Amino acid sequence: MPSHLLSLADLSYEELIDILDIASDLKEKRARGKTSTGLKNKSLAMIFEKSSTRTRVSFEVAMIELGGHAIYLNYKDIQLGRGESVADTARVMARYVHAIMARVYKHETLTELSKYSTVPVINGLSDLEHPCQILADLLTVREYKGKLKGLNFSWIGDGNNVCNSAILACALTGMKITVACPEGYEPNSEILNKARDIGGTVSVIRDPVKAAKNADIFYTDVWVSMGDEEEYEQRLRDFKPYQINSKLLEQAKHDVMVLHCLPAHRGEEITAEVVDGPNSAVFDQAENRLHAQKALLLKLLS
């Protein structure tokens, strides 16, 4: 395992599958009322520049159920919010806790934390990637489809941080990914190059109907992410043809599974009938944040 998890590309295929296997085992044991104390007396600092529901609750519950402890730190409540350097924060935190999870605006904050931290740093979300989300997504896909390799993964909408991590995940696991997005909203070019270097099959196109053909998986995210609120009206106009709705579902395989990292804006990037419909796996996907992050924490800390 790497010392930190800032990107999906930090993991090898074998490490990724090991995390998913551990997550599946932990999920099954939890359903039977069995718990693990593999992180007894371990502490996780959770730094939040951005607000969160799933990231905070899943990491906090994960640490508690594994016998450890999580500390919520809003950046405004710690010295980061008053001008202390990221480097100094990392040096100090590493003397108190066993790992740091940070949900930040800029990916550079994570790289700075990892540079000066002597304990693992986990990317809880940055403007570049969201690897913890995609670990849960891969677990969900494997549960529904029984495999990963060879599936057709279609991303519809903004080529954002979640999309970037999905591209790397598909490259690592042998899924073919097609990203349908408007001009100017493409995934990060370095991520695309990295995925292709790994051996991934990645296509970036404009036509969502073409992307839907033979899709095993549909994935979308909000059109207006945190930090993009000033572009709200423009983004709604640009993304209007990229809504996942029943008409688009008809273009995919009959058993296409629909993913969304939540929160969902019903009526914008996805319709209520789809996100709440029989093809949707979004709430299993949300639950799997807990199990995937437990597995990740155990791998990094035990």
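The values are calculated or read from the model by the stated rules, or taken from the named source; none is laboratory data. Since we're looking at a predicted model, the values are computed, not measured. No Cβ is skipped: glycine too gets one built from the backbone with ideal geometry, and neighbour counts run over all protein chains shown.
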(request) For segment 26-52, enumerate the residues that are part of a helix (DSSP H, G or I) and free of Cβ contacts under 8 Å to residues at least 24 places away in the same chain. (result) E28, K29, A31
(request) Could you look through segment 100-132, keep only residues that are part of a strand (DSSP E or B) and not hydrophobic (A, V, I, L, M, F, W, C), and pick out the one that is nearest to N74 (Cα to Cα)? (result) R103
(request) Look through L168, L139, L172 and report the one residue that is in a helix (DSSP H, G or I) and under 12 Å from I191 (Cβ atoms). (result) L168
(request) Please work out which one of (1) modelled with pLDDT under 95; (2) on the phi > 0 side of the Ramachandran plot is the condition K34 fails and give its number. (result) (2)
(message) Are there helices (runs of 4 or more DSSP H) fully within segment 186-302 with at least 1 residues that are over 20 Å from A169 (Cα atoms)? List them.
(response) 208-212, 232-239, 246-249, 272-275, 282-301
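Conditions tested, residue by residue: (1) modelled with pLDDT under 95; (2) hydrophobic (A, V, I, L, M, F, W, C); (3) closer than 14 Å to K294 by Cβ.
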| residue | (1), (2), (3) |
| --- | --- |
| S43 | no, no, no |
| E49 | no, no, no |
| R56 | no, no, no |
| L66 | no, yes, yes |
| Y72 | no, no, no |
| D77 | yes, no, no |
| G83 | yes, no, no |
| V86 | no, yes, no |
(message) Can you go through N152, N161 and tell me which one is of a type in the set (S, T, N, Q), within 16 Å of Q133 (Cα to Cα) and either assigned by TED's automatic domain parsing to the domain that holds D221 or in contact with a strand residue (DSSP E or B) (Cβ under 6 Å, 6 or more places away or on another chain) (or both)?
(response) N161
(message) If N74 meets every condition in (1) loosely packed, with under 14 Cβ neighbours inside 10 Å; (2) within 17 Å of the chain's Cα centre (by Cα); (3) free of Cβ contacts under 8 Å to residues at least 40 places away in the same chain apart from one, which number is that one?
(response) (2)
(request) Output the qualifying pairs, or none if there are none: Cβ atoms under 6 angstrom, residues six or more apart or on different chains, first residue in segment 1-23 and over 23 Å from G38 (Cα atoms), second residue assigned to a helix (DSSP H, G or I) and of a type in the set (S, T, Y). (result) L8/S165
(request) Only residues that are under 13 Å from H265 (Cβ atoms) and in contact with a Leu (Cβ under 7 Å, 6 or more places away or on another chain): list them for segment 208-232, please. (result) W223
(request) Scan (1) farther than 19 Å from S114 by Cα; (2) under 23 Å from the mean Cα position of the chain (by Cα) for the single condition D10 breaks and write down its number. (result) (1)
(request) Collect the residues in segment 210-264 that are of a type in the set (K, R) and within 27 Å of C132 (Cβ to Cβ), keeping them in residue-number order. (result) R235
(request) Go through (1) in contact with a strand residue (DSSP E or B) (Cβ under 8 Å, 6 or more places away or on another chain); (2) farther than 30 Å from I191 by Cα; (3) surrounded by fewer than 16 Cβ atoms within 10 Å (Cβ to Cβ) and name the single condition M63 misses. (result) (3)
(request) Being under 19 Å from K299 (Cβ atoms) and in a helix (DSSP H, G or I) is the filter here, so list the residues in segment 53-90 that pass it. (result) T55, S58, F59, E60, V61, A62, M63, I64, E65
(request) Answer yes or no: is there a residue in segment 10-19 that is buried (at least 20 other Cβ atoms within 10 Å of the Cβ) and either in contact with a Lys or Arg (Cβ under 9 Å, 6 or more places away or on another chain) or small (G, A, S) (or both). (result) yes
(message) I'm trying to understand the selection: among the residues of segment 215-233, which are polar (S, T, N, Q) and modelled with pLDDT under 95?
(response) S225
(message) Kindly evaluate K240 against the criterion of being farther than 20 Å from N279 by Cβ and either crowded, with 20+ Cβ neighbours inside 10 Å or not acidic (D, E) (or both).
(response) yes
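Yes or no, residue by residue, for (1) buried (at least 24 other Cβ atoms within 10 Å of the Cβ); (2) free of Cβ contacts under 8 Å to residues at least 12 places away in the same chain; (3) among the polar types (S, T, N, Q):
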position	(1), (2), (3)
V104	no, no, no
I122	yes, no, no
S126	yes, no, yes
P131	yes, no, no
V141	yes, no, no
K145	no, no, no
W155	yes, no, no
E183	no, no, no
R196	no, no, no
